[in-house]
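Peer 1: Shown below is the structure under consideration.
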Amino acid sequence: MHAVRVIKDLEYATTPGGPLTLDIYRSESDRPVPTVLYLHGGGWEGGDKADNADERLRPLAEMGVAVVSVNYRLAPGVRYPAQMHDVKAALRWLRAEGSDHDLQVERIGIWGASAGGYLAIMAGLSAGNAALEGTVGSHLDQSSAVQAVVTWFSPTDLLGSTRRTRLESLILNRPPAVHALFGRTQITGDDAEVRSASPMENVHAAAPPFLIAHGDLDRIVPASDSHDLFKALARRGVDVTYAAVGCAGHEDPRFDAEPNLAITAAWLKAQLSPRTLPEAGHTASPPAEPGQSSAPD
């Protein structure tokens, strides 16, 4: 483990709503370290870049992967794709200025949990998509492409929540989060805009490697969302790993347990090292750990 230096509240862009900021968690190394951009959860209407700092972000940095945790604009102030424009701006900033903070920027990873994981997935699947690129920030000459994606308990079928049973709606007692993402009060199961923004509609063979983790007891985002993404990526020959976290619900502390973070750190180091490039079409499995399995049924 390494000691960690934290730099807080660096401004990566300015919007009409104010500045957008990020925090850097970096080990006290004398050389540039692999870097992952982290996106917090919160249903696209809550959360903060400081969430899970002590149990998730700092420990990953201690394992030798720098974490750049980002604030992005939230509902109801904005609607999709403004959140994606912020993520792309943060990636371009990182590529332009990250080396000033001793971060490796040639190959960058992106990591997100829940709603943030959705944004991470879409960042990984949308290189060159002008509609999602936007013009936020001041480094428009830089690439926002990522070379690795880690997604934890994230929605991939945005229309799925519109098919809730009456009992599910009563138990959850709130509108589906996708309403906040699109600034809507009603979304039907055949909504073309929402369908086109679903990860399952954007999977392609040129996607970067993915590490997907989901709890088998998740009652907020069904594990089937991650299962389906895994299968869709694998069918197209994308390098994809699935880690099922046993007995874990949504945003469960088991995700921040040392074995799971160690798998995440090792996978990111392998993908982001300039000397270790993934083989096209390769699918992999993580080391077996208690409570985990390597691929969905």
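Peer 1: As an exercise: evaluate residue 93 against (1) in contact with a helix residue (DSSP H, G or I) (Cβ under 9 Å, 6 or more places away or on another chain); (2) over 20 Å from residue 212 (Cα atoms); (3) aromatic (Phe, Trp, Tyr); (4) buried (at least 24 other Cβ atoms within 10 Å of the Cβ) and give the number of the one condition it does not meet.
Peer 2: The single condition residue 93 does not satisfy is (1).
Peer 1: Is it fair to say residue 14 is modelled with pLDDT of 95 or more, polar (S, T, N, Q) and more than 23 Å from residue 121 (Cβ to Cβ)?
Peer 2: yes
Peer 1: Oh, and also: Are there any pairs with C-beta distances below 6 angstrom linking a residue in the range 107-121 that is among the aromatic types (Phe, Trp, Tyr) and at pLDDT 95 or above to a residue that is part of a strand (DSSP E or B) and surrounded by 24 or more Cβ atoms within 10 Å (Cβ to Cβ), with the two at least 6 apart or on different chains, and if so which?
Peer 2: Final answer for the pair search is 111/36; 111/38; 111/150.
Peer 1: Follow-up. Restricting to the range 80-115, count the residues that are assigned to a helix (DSSP H, G or I), of a type outside the set (D, E, K, R) and within 24 Å of residue 5 (Cα to Cα). Can you show your working first?
Peer 2: As a first pass, look at the range 80-115 and keep what is assigned to a helix (DSSP H, G or I): 82-101, 115.
Remaining after also requiring of a type outside the set (D, E, K, R): 82-85, 87, 89-91, 93-94, 96, 98-99, 101, 115.
Then drop every residue that is not within 24 Å of residue 5 (Cα to Cα), which leaves 87, 89-91, 93-94, 96, 98-99, 101.
The qualifying residues number 10.
Peer 1: Here is a follow-up. Kindly establish whether residue 203 is modelled with pLDDT under 95 and either within 18 Å of the chain's Cα centre (by Cα) or buried (at least 20 other Cβ atoms within 10 Å of the Cβ) (or both).
Peer 2: Values: modelled with pLDDT under 95: no; either within 18 Å of the chain's Cα centre (by Cα) or buried (at least 20 other Cβ atoms within 10 Å of the Cβ) (or both): yes.
No; evaluated as a whole, the condition is false for this residue.
Peer 1: Filter the range 183-200 for residues that are more than 20 Å from the chain's Cα centre (by Cα) and not hydroxyl-bearing (Ser, Thr, Tyr) and give the result. I'd like the intermediate steps shown before the answer.
Peer 2: The first filter runs over the range 183-200 and keeps only residues more than 20 Å from the chain's Cα centre (by Cα), leaving 183-193.
Selection gives 183, 184, 186, 187, 189, 190, 191, 192, 193.
Peer 1: Does the range 17-37 hold any residues that are over 20 Å from residue 138 (Cα atoms) and touching a Lys or Arg at 6+ places or on another chain (Cβ under 8 Å), and which are they? So that I can check it myself, show each step before the final result.
Peer 2: Residues of the range 17-37 that are over 20 Å from residue 138 (Cα atoms), as a first pass: 25-36.
Of everything in the range 17-37, those that are over 20 Å from residue 138 (Cα atoms) and touching a Lys or Arg at 6+ places or on another chain (Cβ under 8 Å) turn out to be 25, 26, 27, 28, 33, 34.
Peer 1: State yes or no: is residue 253 modelled with pLDDT of 95 or more and on the phi < 0 side of the Ramachandran plot? Steps first, please.
Peer 2: Values: modelled with pLDDT of 95 or more: yes; on the phi < 0 side of the Ramachandran plot: yes.
It is true that residue 253 is modelled with pLDDT of 95 or more and on the phi < 0 side of the Ramachandran plot.
Peer 1: Is it the case that residue 77 is outside any helix (DSSP H, G or I) and within 15 Å of residue 119 (Cα to Cα)? Before you say what the answer is, go through the steps one by one.
Peer 2: Details: outside any helix (DSSP H, G or I): yes; within 15 Å of residue 119 (Cα to Cα): no.
In short, no.
Peer 1: Evaluate the following for residue 53: is it hydrophobic (A, V, I, L, M, F, W, C), buried (at least 17 other Cβ atoms within 10 Å of the Cβ) and over 16 Å from the mean Cα position of the chain (by Cα)?
Peer 2: Values: hydrophobic (A, V, I, L, M, F, W, C): yes; buried (at least 17 other Cβ atoms within 10 Å of the Cβ): yes; over 16 Å from the mean Cα position of the chain (by Cα): no.
Considered against the rule, which asks whether it is hydrophobic (A, V, I, L, M, F, W, C), buried (at least 17 other Cβ atoms within 10 Å of the Cβ) and over 16 Å from the mean Cα position of the chain (by Cα), residue 53 comes out as no.
Peer 1: Here is a further query. What are the residues in the range 1-39 that are loosely packed, with under 13 Cβ neighbours inside 10 Å and either basic (Lys, Arg) or assigned to a loop (DSSP other than H, G, I, E, B) (or both), if any?
Peer 2: Initial filter on the range 1-39 (loosely packed, with under 13 Cβ neighbours inside 10 Å): 1, 3, 7, 9, 11, 16-19, 28, 30-31.
Passing the criteria: 1, 3, 16, 17, 28, 30, 31.
Peer 1: Looking at (1) within 26 Å of residue 43 (Cβ to Cβ); (2) at pLDDT below 95; (3) exposed (fewer than 13 other Cβ atoms within 10 Å of the Cβ), which one does residue 296 not meet, given that it meets all the others?
Peer 2: (3) is the only condition that residue 296 fails.
Peer 1: Answer yes or no as to whether residue 99 is surrounded by fewer than 24 Cβ atoms within 10 Å (Cβ to Cβ) and of a type in the set (S, T, N, Q). I'd like the intermediate steps shown before the answer.
Peer 2: On the way: surrounded by fewer than 24 Cβ atoms within 10 Å (Cβ to Cβ): yes; of a type in the set (S, T, N, Q): yes.
Criteria met by residue 99.
Peer 1: Sticking with this one: Would you pick out the residues in the range 208-223 that are closer than 14 Å to residue 151 by Cα and modelled with pLDDT of 95 or more?
Peer 2: Those that are closer than 14 Å to residue 151 by Cα and modelled with pLDDT of 95 or more: 208, 209, 210, 211, 212, 213, 214, 215, 223.
Peer 1: Please give the number of the condition residue 141 fails out of (1) more than 28 Å from residue 256 (Cβ to Cβ); (2) out of contact with any Leu (no Cβ under 9 Å at 6 or more places or on another chain); (3) part of a helix (DSSP H, G or I).
Peer 2: Going through the list (1) more than 28 Å from residue 256 (Cβ to Cβ); (2) out of contact with any Leu (no Cβ under 9 Å at 6 or more places or on another chain); (3) part of a helix (DSSP H, G or I), residue 141 breaks only (3).
Peer 1: Could you tell me whether the range 55-72 includes any residue that is at pLDDT below 95 and over 28 Å from residue 135 (Cβ atoms)? Please lay out each step first, then the result.
Peer 2: The first filter runs over the range 55-72 and keeps only residues at pLDDT below 95, leaving none.
There is no residue in the range 55-72 that is at pLDDT below 95 and over 28 Å from residue 135 (Cβ atoms).
The values are calculated or read from the model by the stated rules, or taken from the named source; none is laboratory data. Here the structure is a predicted model, which means the values were calculated and not measured. Positions of Cβ are backbone-derived with ideal geometry, glycine not excepted, and every protein chain shown enters the neighbour counts.
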